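The values are calculated or read from the model by the stated rules, or taken from the named source; none is laboratory data. What you see is a predicted model, and the numbers here were worked out from it, not measured in a lab. As a convention, Cβ positions derive from the backbone with ideal geometry for all residues, glycine included, and neighbour counts pool all protein chains shown.
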Amino acid sequence: MSTIVDLKTRLADTGYVVERSLAATILLMTDLGRPLLVEGDPGTGKTEIAKALARVRATRLIRLQCYEGLDTYNALYEWNYQRQLLAIQRASAGGQGAMLDDDALFSEKYLLKRPLLEALTEAVAPVLLIDEIDRADAAFEAFLLELLSDYQVSIPEMGTIAARTIPLVVLTSNGTRELSDALRRRCLYHFLDYPSFEKELSIVELRLPDLPRALAAQIVEFAQSLRRLDLKKKPGIAETLDWAASLLGFGISSLDEAGPERIRDSLAALLKTREDVLAMDRVTLDRLVATSC
Amino acid sequence: MEQVLAAKITGFVATIRANGFPVGIGEVEDAMRVAEATGVLAREPLRWGWRGLLCARADEWHRFDDLFDSYWLPPNRRVLVEAHTSGAGRIELDPGDGAEGGKAGPAIQRAEGESAGSGEEGPSKEGASAASSLDEADFRSLNDREQTHAIEIRIRRFARRLQLLTTRRERAAVQGRRLDLRRTLRRSIGAGGSPSRLSYRVKRRVRPRLVLLLDVSRSMSLYSFFYLRVARALAAELSDIHVFLYHTHLTHVSDALSDPDPWRAQERLQMLSAGWAGGTRIGECLAAFNRLHAGRLVHARTAVIVASDGYDTGEPGLLGRELGSLARRARRIIWLNPLKAMQGYTPVARGMQEALPFVDLFAPGHDLASLDQALSAILEVL
């Protein structure tokens with residue numbers, strides 16, 4: 001129990017507010033040696049988990065951003081062909097071609113480490129963030145599954161490289177593509193919902209300490225009721241923070257005093273699609289401001 | 001760990017599994033380790049730990065709390081849990097067992113183990129028979145939630161096959177790639193003129209696309225509900241699918257279908273289709289599709305699936321003309337007509353007569369088997 005609270009406060013010190021349930025799950029990652037799969041709508045702070053975790057543990061954060069067509073060359077390792085070629089040319093020019101054997105050519109010196117291999121060869125266990133795994137294709141997912149269960153990779157020219165330390169792996173997914181059951185089962189799972197009023201308020205206060213308390217509460221209430229509307233893209237925590245920062249920049253001390261025009265001007269930080277901006281007419285805006293004051 | 005406790009935890013994992021969670025044997029062991037780490041008396045940390053361990057997707061995450069409560073809380077807290085998978089049937093909390101539930105494990109656990117032995121008529125049991133009967137069940141007669149859920153699972157599987165297909169095609173295409181000589185030479189300068197890295201021309205990829213045109217007129221009303229579910233299941237898996245409903249007008253409903261909230265999706269669909277008059281003007285709707293959407297949506301790897309019984313009340317000749325011009329754009333036109341499954345059916349309806357020359361595949365699509373067949377045929381040519 002105490003360790004959960006402890007981790008929660010340490011995460012809060014680095015600027016990341018978690019529920020206790022997530023703190024408990026993070027503790028389990030090390031106990032069970034399993035990766036953590038985080039799902040949730042965009043803007044709920046999935047990626048931030050890994051960043052905060054790296055800050056708390058004072059280790060490196062190694063990030064692999066997935067995209068369609070990501071292959072092992074970009075994710076794991078690649079040979080530095082240019083340097084190899086230069087070495088060969090230098091050796092043959094110096095007349096000592098016999099000195100340069102295969103082992104020297106395929107050594108760590110000419111190996112370009114990509115994020116996954118880098119994470120395995122760190123001296124201190126890093127935090128490995130595999131972001132938006134759902135964007136990579138199924139073949140890469142299968143490869144990742146193998147890596148995450150054995151924590152070793154085999155490079156044909158060099159042999160097998162086992163992990164020096166087991167990294168803390170955080171995977172995030174937006175649900176673009178359904179992930180395989182095998183990968184899901186391998187991971188601990190956490191679903192990040194949009195934050196409650198209290199949680200969002202404490203995040204805003206933590207990130208923007210200059211913001212007047214009353215305004216912070218109004219902003220959060222506004223964002224919360226905005227999420228209840230039928231919007232195409234609901235604003236996440238990042239959007240709330242952006243909006244709060246922009247209101248702070250205007251020097252506004254409360255929403256009702258600011259007037260609908262200035263609120264409307266600043267809404268670009270919250271609403272990211274044309275349909276949503278159009279849907280936010282005068283009446284809707286007035287009602288939202290009235291309910292959040 | 002004490003044996004009683006271990007048995008109870010094993011029972012919990014079994015309950016979770018019976019409710020459709022993908023947990024294996026390994027998870028039991030890990031669940032015990034979680035319990036050891038957090039301590040068995042701390043209920044909330046235990047809940048959080050197990051939730052992280054045993055859930056694998058969002059809907060399980062939301063159902064977990066109810067299952068946890070109904071298993072571990074005293075039996076006076078009654079949470080009815082319904083199984084969503086086809087295998088386990090419905091699990092009920094028997095009120096008569098409330099008293100002993102406390103020590104012998106709650107009733108929820110019994111339903112799984114004993115119902116088979118006591119000869120009780122369970123709603124549905126896993127096995128080939130259930131699957132095959134579902135295959136041939138006419139969509140008209142399906143109203144059970146579990147059956148519709150099973151159908152959704154099947155459709156999602158098809159959608160995944162479609163996705164795999166795209167990656168396989170793309171990999172196969174790599175073998176035939178062509179050198180981009182200009183770029184290769186330009187890039188070789190850094191390496192002293194030896195072309196150490198070859199550049200290839202990148203082929204523009206055209207992904208297969210599905211366009212669904214669903215007839216929602218009154219004569220099709222028994223089936224259109226199911227086609228909508230099929231469309232929704234497909235839309236959940238594929239991003240490149242475009243669904244239109246038609247009747248006397250044509251409406252684009254992809255946005256409403258892919259709404260993450262199923263209830264809201266249904267509401268939006270009802271609003272979209274509200275206030276339509278009777279009659280079906282297939283020809284006019286196809287013309288509207290050709291004029292407004294076809295140029296943007298239909299390319300050489302597009303399969304257009306039309307679901308309709310072919311009873312057209314519009315201007316004669318229009319349907320044939322419009323379908324003909326659509327057929328020139330699309331890779332395949334598939335026409336699903338549930339009437340075709342009836343004995344002695346001949347496509348004599350004028351609409352059908354006009355359409356048939358341009359249709360590549362004319363299938364009944366009235367049950368899962370024929371739908372599967374039609375969809376597989378699409379897979380082969382896309």
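Some values worked out for this structure:
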quantity	calculated
Selected residue (criterion: farthest from the other protein chains (Cβ to nearest Cβ)) from residues of region A:1-12 that are free of Cβ contacts under 8 Å to residues at least 24 places away in the same chain and over 27 Å from A:Leu183 (Cα atoms)	A:Thr9
Residues of region A:24-49 that turn out to be at pLDDT 90 or above and either closer than 17 Å to A:Ile203 by Cβ or among the hydroxyl-bearing types (Ser, Thr, Tyr) (or both), as a count	6
Inter-residue pairs, beta-carbon under 6 Å, first farther than 30 Å from A:Leu86 by Cα and in region B:190-208, second at pLDDT 70 or above and of a type in the set (Lys, Arg), 6+ apart	B:Val206/B:Arg301; B:Pro208/B:Arg301
Test for A:Ile26: is it facing another protein chain (nearest Cβ under 10 Å), crowded, with 16+ Cβ neighbours inside 10 Å and within 19 Å of the chain's Cα centre (by Cα)	yes
Close pairs from region B:20-47: first within 20 Å of A:Arg20 (Cα to Cα), partner of a type in the set (Phe, Trp, Tyr), Cβ under 7 Å, at least 6 apart	B:Ala31/B:Trp50; B:Val34/B:Trp50; B:Arg47/B:Phe68
Every residue from region B:312-357 that is under 27 Å from the mean Cα position of the chain (by Cα), crowded, with 20+ Cβ neighbours inside 10 Å and over 20 Å from B:His242 (Cβ atoms)	B:Asn337, B:Pro338
Residue list for region A:270-289, restricted to those being touching a residue at least 12 places away in the same chain (Cβ under 8 Å), touching a helix residue (DSSP H, G or I) at 6+ places or on another chain (Cβ under 8 Å) and assigned to a helix (DSSP H, G or I)	A:Arg282, A:Leu285, A:Asp286, A:Leu288, A:Val289
Residues that are touching a strand residue (DSSP E or B) at 6+ places or on another chain (Cβ under 9 Å) and surrounded by fewer than 16 Cβ atoms within 10 Å (Cβ to Cβ), drawn from region A:84-112	A:Leu112
Any hit, region A:115-128, residues being away from every other protein chain (no Cβ under 14 Å), crowded, with 17+ Cβ neighbours inside 10 Å, within 30 Å of B:Arg161 (Cβ to Cβ) and under 21 Å from the mean Cα position of the chain (by Cα)	yes
Residue list for region B:48-63, filter: in contact (Cβ under 8 Å) with a residue 24 or more places away in the chain and within 9 Å of another protein chain (Cβ to nearest Cβ)	B:Leu53, B:Leu54, B:Cys55, B:Ala56, B:Glu60
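This table checks each residue for (1) within 14 Å of another protein chain (Cβ to nearest Cβ); (2) in contact with a Pro (Cβ under 8 Å, 6 or more places away or on another chain); (3) polar (S, T, N, Q); (4) assigned to a helix (DSSP H, G or I).
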position	(1), (2), (3), (4)
A:Ile161	no, no, no, no
A:Val170	yes, yes, no, no
A:Leu179	yes, no, no, no
A:Arg185	yes, yes, no, yes
A:His190	yes, no, no, no
A:Lys199	no, no, no, yes
A:Val204	no, no, no, yes
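So that you can scan it fast, the table gives a plain yes or no per residue for (1) buried (at least 20 other Cβ atoms within 10 Å of the Cβ); (2) in contact with an Asp or Glu (Cβ under 7 Å, 6 or more places away or on another chain); (3) of a type in the set (Lys, Arg):
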| position | (1), (2), (3) |
| --- | --- |
| A:Ala138 | no, no, no |
| A:Tyr151 | no, no, no |
| A:Ala162 | no, no, no |
| A:Thr165 | no, yes, no |
| A:Val169 | yes, no, no |
| A:Ala182 | no, no, no |
| A:Tyr189 | yes, no, no |
| A:Asp193 | no, no, no |
| A:Ser202 | no, no, no |
